[in-house]
Each structure stands twice: as C-alpha cells, then as structure tokens.
1. So the check is Cβ under 8 Å with 6+ separation or different chains; which pairs have a first residue in the stretch 29-44 that's closer than 13 Å to Ala219 by Cβ and a second one that's among the basic types (Lys, Arg) and assigned to a strand (DSSP E or B)?
2. Quick one: Lys51 ticks every box in (1) basic (Lys, Arg); (2) closer than 20 Å to Ala219 by Cβ; (3) surrounded by 16 or more Cβ atoms within 10 Å (Cβ to Cβ); (4) away from ligand 1 (no atom under 16 Å from the Cβ) except a single one, so which number is it?
3. Which of the residues that make up the stretch 185-208 are within 16 Å of ligand 2 (Cβ to nearest atom) and either at pLDDT below 95 or assigned to a loop (DSSP other than H, G, I, E, B) (or both)?
4. Pairs only if they're at least six apart or on different chains, beta carbon under 6 angstrom, first in the stretch 170-197 and over 21 Å from Gly129 (Cα atoms), second surrounded by 17 or more Cβ atoms within 10 Å (Cβ to Cβ) and of a type in the set (A, V, I, L, M); list them, first residue then second.
5. What pairs come out if I take residues in the stretch 132-154 that are without any contact (Cβ under 8 Å) to a residue 12 or more places away in the chain and pair them with residues that are surrounded by 14 or more Cβ atoms within 10 Å (Cβ to Cβ) whose C-beta lies under 8 Å away, six or more apart or interchain?
6. Restricting attention to the stretch 1-19, report how many residues are at pLDDT 95 or above and either among the aromatic types (Phe, Trp, Tyr) or away from ligand 2 (no atom under 16 Å from the Cβ) (or both).
7. Just the residues that are surrounded by fewer than 18 Cβ atoms within 10 Å (Cβ to Cβ) and not polar (S, T, N, Q), please, taken from the stretch 14-28.
Amino acid sequence: MKHTSPGGLIVQQLCKEYPTPGDPLVILRDIEIELHQGESLAVLGPSGSGKSTLLNLIGTLDTPTSGKIELGGVDPFSLEQKALAIYRNQKIGFVFQEHYLLPQCSLLENVLLPTLAVGNPQSGAKERGQDLLDRMGIADRQGHHPGECSGGERQRAALARALMMRPQLLLADEPTGNLDRKTADQVAELMLDVQRQEHTILLLATHSQALAEKMDRSAELTDAYLQSR
Ligand code: ADP
Ligand code: MG
C-alpha cells in the first residue's frame with residue numbers, strides 16, 4: 001500500500017456488498033480516495049447511492065467486503081477491539097443529519113463527552129470545549145440543554161463535539177440536511193472555517209451542489225462507483 005502525508009487518508013479498492021439469495025447486492029465498487037491533511041472532499045449522489053455506507057466504512061462503523069483503508073498510516077481493521085475504540089475516539093469525528101446530543105446534558109457537557117471515554121481527561125479539555133463553542137458562535141449557549149436550542153445551534157454543538165479530540169478525519173453525513181437554507185449555509189461556513197484552522201481532513205456526504213463547490217474536491221457515487229467531478 002502506498003503512503004500519503006502523515007495524517008492522510010487512503011482508501012483503496014474498497015468494496016461493499018450484501019449477500020442475497022441471487023447475485024450479491026453491490027453498494028460500493030473499487031472506491032479509491034486519497035486525501036492529505038487538511039483537504040476536503042464532497043461525496044454527492046442521490047438517496048440510496050451509498051454515501052452513508054461509504055462514510056460508515058471509513059469511520060469503522062461498518063466493515064468492508066474487501067479493500068483497504070489507512071488513516072495516518074494505521075489500518076483500523078487490523079486493530080483489536082480496544083485499540084479500535086481508541087482509534088475511533090481520537091482520530092475520527094462524526095456528524096450526522098441528526099445531532100445525537102444527549103438531552104440531559106448542557107451543550108458544553110455534550111462537547112466534552114468524547115474526553116470521558118479516555119478515562120482521565122487532559123487538562124485544558126474544558127477550555128478547548130469552550131473555545132470550540134465560541135468559534136462555532138454559540139459560546140453564550142454552553143450552559144443550555146439541547147431542548148432549549150435551535151436546530152442550527154444543536155448542529156453547531158454536534159460539530160464542536162466531533163472536533164473536540166482534534167481528529168485527523170471529520171466525517172459529515174448530510175450535516176446540514178435538516179436545516180433551512182440560510183442556517184445550513186451558516187453552519188457549513190463555520191464547519192469549513194474550523195476544519196481549515198485545524199487541518200482536519202473533511203469527508204462530507206451531501207445533496208447540495210452549492211456546499212460541494214466550497215470543498216477542495218467533489219466526487220459522485222453512480223452505480224456503486226465514485227467518480228471525480
Ligand atoms: P445514501 O446514504 O446515499 O442514501 P446508503 O449508504 O444509506 O445510501 O444506502 C445505500 C444502499 O445500501 C441502499 O440501497 C440501501 O438499501 C442498501 N443497504 C444499506 N444497508 C443494507 C443492509 N444491511 N442490507 C442490504 N442493503 C442495505
Ligand atoms: Mg445517507
């Protein structure tokens with residue numbers, strides 16, 4: 001396998017299929033991706049084209065039928081369970097269409113959740129969480145619970161949580177899909193600002209042509225193949 005810059009992402013010959021009584025159902029075929037630190041790629045494609053499947057495979061939430069994934073020189077599928085959990089916690093940030101914030105915790109507590117998984121949170125964790133909420137424009141909301149916040153504020157908090165551990169890779173699956181157009185644009189701009197400041201790789205699934213154009217590159221899933229645009 002070739003190697004990219006430290007912190008880079010390489011996906012080679014990635015395939016995902018589901019067995020059926022007849023021919024297997026092929027969702028992804030020979031996917032190739034190479035992203036250096038700080039680069040962004042939008043994945044477009046209609047519903048059901050495999051965008052979420054691709055992000056879930058790269059995020060190790062699902063296992064490929066064949067192919068290779070390497071992030072920062074590490075093949076996550078070679079790790080045993082405990083090491084894989086640490087890898088997922090430290091190297092990857094996820095944002096979904098739903099915010100999945102815990103309703104009983106404040107926005108700041110939600111942002112700090114990933115630090116609890118490590119056992120003893122590093123000093124400065126709270127400051128890092130507050131700084132991220134500030135950069136996402138919701139510093140004044142840190143003590144509020146998700147139920148007291150708007151959809152845009154909740155999604156900003158979800159982004160801050162995803163970035164808390166300084167992941168090498170941010171996976172965003174239609175992160176603005178539930179927001180109105182104006183709020184979606186604002187949240188997307190904030191996401192891209194912070195992603196650039198932190199040199200995080202961003203892999204984004206979206207239906208929005210306008211959002212895709214703000215990324216370094218875009219590609220489209222068609223008939224299970226990922227084609228550059
Ligand atoms: P997108 O995110 O682009 O809307 P998905 O990745 O969610 O697409 O789904 C891609 C395809 O994979 C869909 O046709 C879906 O029905 C199929 N699929 C997802 N999970 C399974 C499964 N467990 N068994 C069979 N097919 C599945
Ligand atoms: Mg999807």
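The values are calculated or read from the model by the stated rules, or taken from the named source; none is laboratory data. This structure is a prediction, so every number in the text was calculated from the model and none was measured. Here Cβ is always computed from backbone atoms with ideal geometry, including for glycine, and neighbour counts include all displayed protein chains.
1. Matching pairs, first to second residue: Glu39/Arg217; Ser40/Arg217; Leu41/Arg217; Ala42/Arg217.
2. Exception for Lys51: condition (4).
3. Thr206, His207, Ser208 - these are the residues of the stretch 185-208 that are within 16 Å of ligand 2 (Cβ to nearest atom) and either at pLDDT below 95 or assigned to a loop (DSSP other than H, G, I, E, B) (or both).
4. Filtered contacts from the stretch 170-197: Asp173/Leu55; Asp173/Ala205; Glu174/Ala205; Thr176/Ala184; Thr176/Val187; Thr176/Ala188.
5. That search, which allows pairs on different chains as well, returns Ala139/Gln130; Ala139/Leu133.
6. Count: 10.
7. Passing the criteria: Cys15, Glu17, Tyr18, Pro19, Pro21, Gly22, Asp23, Pro24, Leu25, Val26.
Yes/no per residue for (1) more than 13 Å from ligand 1 (Cβ to nearest atom); (2) of a type in the set (Val, Ile, Thr); (3) farther than 26 Å from Arg166 by Cα:
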site: Gly7; (1), (2), (3): yes, no, no
site: Gln12; (1), (2), (3): yes, no, no
site: Ile27; (1), (2), (3): no, yes, yes
site: Val43; (1), (2), (3): no, yes, no
site: Ser47; (1), (2), (3): no, no, yes
